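Worksheet for the structure shown next.
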Amino acid sequence: MELFDPQVILFVGDCERAARFYGTFGFRETFRAPDEAPAKIEMQLGGFGLGLALPGPAAESHGIAPVTSGHRACVTLWTDDVAAAHAAALAAGGREHSAPHPFLDGRLSVAFVEDPDGHPVQLVERVG
């Protein structure tokens, strides 16, 4: 048995809105279904797969019970400029959670935003 191409799926209120937000960070769309008003969009950044899915169709098709509120998952993105990534996230419709701040005795600079559906996005930069 071989397993490959892992993907995390976030349940969102609007797949296209979420895809525009994550596109800000360089994620590229690889799949959507259906073409109009998609119930799922898949994206890639490096080797990381991110699925954006509407909870209703996922529940109906697969018999799962998606959680749609609270901080249910966190996407972490490493960057060479946390302040610029933080500003870009806010400009793309993210909501402020915590501005860039030192972490781990100043070895890292970290910021958090929430995507348009409330998922936390952690932005991290190595300092020095």
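A few points about this structure:
- Two-decimal log10 I(q)/I(0) for region 47-101, as the Debye equation yields it once each C-alpha is a single scatterer, q = 0.31 Å⁻¹: -1.30
- From the largest down, region 75-126 spans 31, 16, 15 angstrom on the principal axes of its Cα atoms.
- The chain: radius of gyration over Cα atoms, expressed as a fraction of 2.2 N^0.38 Å: 1.11
- Calculated from backbone phi, Karplus (6.51, -1.76, 1.60) coupling profile of region 70-77 in Hz, x at Gly/Pro: x, 8, 8, 7, 9, 8, 9, 10
- Radius of gyration, Dmax [region 7-62; alpha carbons; angstrom]: 10.5, 31
- Between Gly49 and Val8, the built amide H atoms are under 5 Å apart, and every one of these is 5 or more places off in sequence or on another chain.
- Phi to ³J(HN,Hα) by Karplus 6.51 cos²θ - 1.76 cosθ + 1.60 over region 120-128, Hz, x for Gly, Pro: x, 10, 9, 10, 10, 10, 6, 10, x
- Phi angles of region 48-64 translate, via the Karplus equation with coefficients 6.51, -1.76, 1.60 and θ = phi - 60°, into HN-Hα couplings of 9, x, 10, x, 10, 9, 6, x, x, x, 5, 5, 5, 6, 10, x, 9 Hz per residue; Gly and Pro are given as x.
- Segments 33-44, 67-78 sorted - mean Cβ within 10 Å per residue, highest first: 33-44, 67-78
- Relative to the longest principal axis of the Cα atoms of the chain, the long axis of helix 82-91 lies at roughly 50 degrees.
A short reminder: the numbers here are calculations on the coordinates, not readings from a lab. Just so we're clear, the structure is a prediction, and the values are computed from it rather than from any experiment. Note that we place each Cβ from the backbone using ideal geometry, even for glycine, and neighbour counts take in every protein chain shown.
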